[in-house]
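Enquirer: Take this structure first; my questions come after.
The values are calculated or read from the model by the stated rules, or taken from the named source; none is laboratory data. In this text the structure is predicted, and so the values were computed from the model without any measurement. Here Cβ is always computed from backbone atoms with ideal geometry, including for glycine, and neighbour counts include all displayed protein chains.
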Amino acid sequence: MHRSNEGKRVNWSSLGLFRNLRRENKQFAVIGLGRFGRSVCSTLHHLGYEVLGTDIDKRLVDGALTAQIVAHAVQLDSTEPAALKEAGIFELDTVIIAIGNYLQESIITTLNVKEAGVSYVVAKASSEVHGKLLQRVGADRVVYPEHEAGSALARSLTQPSVLERFELDPHHSIVEVAVPEEFHGKTVMELQLRNRYGMSLLAIGKDDHFEINPNPSTRLLKGSIMVVIGSNPDIDRLPI
Ligand code: ATP
């Protein structure tokens with residue numbers, strides 16, 4: 001096992017309320033260092049989390065270390081429980097199984113990791129049937145990156161500037177959104193977000209500080225951030 005020397009680098013585009021809330025001492029393993037797996041590693045690593053990357057292909061393991069997108073990397077066959085155990089994967093909080101194109105390996109790996117007691121397992125599916133199988137063997141969350149990226153692109157082209165999205169379930173989210181031009185200078189009371197948009201305002205952020213549960217007389221200003229909770233279609237209706 002190798003270790004990179006890169007320090008923690010955080011480049012936040014928003015005030016990062018959710019990241020701050022989530023930022024415990026979490027450790028992650030990513031199994032499968034294809035394009036998706038590498039992207040998960042790189043983002044987690046640059047957010048300052050400790051990531052263990054693994055792949056059956058040694059070149060990809062070495063590549064991840066050279067590119068400094070993981071803290072540790074191990075070559076292993078994830079269908080072998082002993083190999084996963086030896087690498088310490090069963091002791092981590094969250095394991096991401098990024099093996100989309102090898103159905104059997106992906107299912108067996110998910111089963112291995114869940115059976116060993118890892119509390120949160122995210123698995124990448126390449127089809128709906130694949131996703132159902134992953135759920136059956138215990139995956140806590142199944143992701144469909146191509147589908148989700150397509151839908152996110154469409155949203156970003158039509159939607160207000162959402163800086164962060166925390167999905168509560170497939171239909172509801174908490175989002176950090178830049179205060180739309182149209183809201184500039186209005187008070188929380190004047191906006192009537194609940195009546196007009198069916199959502200609740202949780203916080204307003206400006207200059208490194210959040211006002212939680214803001215006062216109805218607080219005025220929203222362009223350049224600030226608002227944190228709202230609501231259904232995805234309602235959030236999509238916010239002006240740009
Ligand atoms: P994408 O780029 O969309 O992530 P990909 O083709 O790069 O797709 P997949 O084909 O889904 O990725 O495979 C991801 C990685 O999983 C590959 O690098 C592959 O070597 C690795 N992999 C496959 N089987 C195993 C296994 N049994 N143990 C560990 N890694 C495996």
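Enquirer: Within region 33-65, which residues are part of a helix (DSSP H, G or I), away from the ligand (no atom under 15 Å from the Cβ) and in contact with a strand residue (DSSP E or B) (Cβ under 7 Å, 6 or more places away or on another chain)? It would help to see each step written out before you state the result.
Expert: Within region 33-65, the first condition is being part of a helix (DSSP H, G or I), and the residues that meet it are 35-46, 58-65.
Those left that are additionally away from the ligand (no atom under 15 Å from the Cβ): 44-46.
The answer is L44, H45.
Enquirer: Also, I was wondering about something else. For the subset of region 96-123 comprising residues that are under 16 Å from V51 (Cβ atoms) and within 12 Å of the ligand (Cβ to nearest atom), which member is surrounded by the fewest Cβ atoms within 10 Å (Cβ to Cβ)? First the steps, then the outcome.
Expert: Applying the first criterion (under 16 Å from V51 (Cβ atoms)) to region 96-123 yields 96-98, 113, 118, 120-122.
When the remaining residues are screened for being within 12 Å of the ligand (Cβ to nearest atom), the result is 96-98, 113.
On the way: I96: 24, I97: 28, A98: 27, V113: 26.
Here the residue is I96.
Enquirer: Can you find, within region 195-240, the residue that is modelled with the lowest pLDDT among those that are in a strand (DSSP E or B) and exposed (fewer than 13 other Cβ atoms within 10 Å of the Cβ)?
Expert: Taking region 195-240 first, the residues in a strand (DSSP E or B) are 200-206, 209-212, 219, 225-231.
Checking the rest, the ones that are also exposed (fewer than 13 other Cβ atoms within 10 Å of the Cβ) come to 209, 212.
Details: H209: 88, I212: 93.
Selected residue: H209.
Enquirer: Just to be sure, is E182 assigned to a helix (DSSP H, G or I), of a type outside the set (A, V, I, L, M) and either within 24 Å of K124 (Cα to Cα) or not assigned by TED's automatic domain parsing to the domain that holds H130 (or both)?
Expert: Working: assigned to a helix (DSSP H, G or I): yes; of a type outside the set (A, V, I, L, M): yes; either within 24 Å of K124 (Cα to Cα) or not assigned by TED's automatic domain parsing to the domain that holds H130 (or both): yes.
Here the answer is yes, as E182 does meet what is asked.
Enquirer: Please state which of the following conditions F210 fails to meet, knowing it meets all the rest: (1) free of Cβ contacts under 8 Å to residues at least 24 places away in the same chain; (2) touching a strand residue (DSSP E or B) at 6+ places or on another chain (Cβ under 6 Å).
Expert: All conditions pass for F210, except number (1).
Enquirer: Keeping to region 141-171, report how many residues are over 23 Å from V121 (Cβ atoms), touching an Asp or Glu at 6+ places or on another chain (Cβ under 9 Å) and not in a loop (DSSP other than H, G, I, E, B).
Expert: The number of residues fulfilling the criteria is 5.
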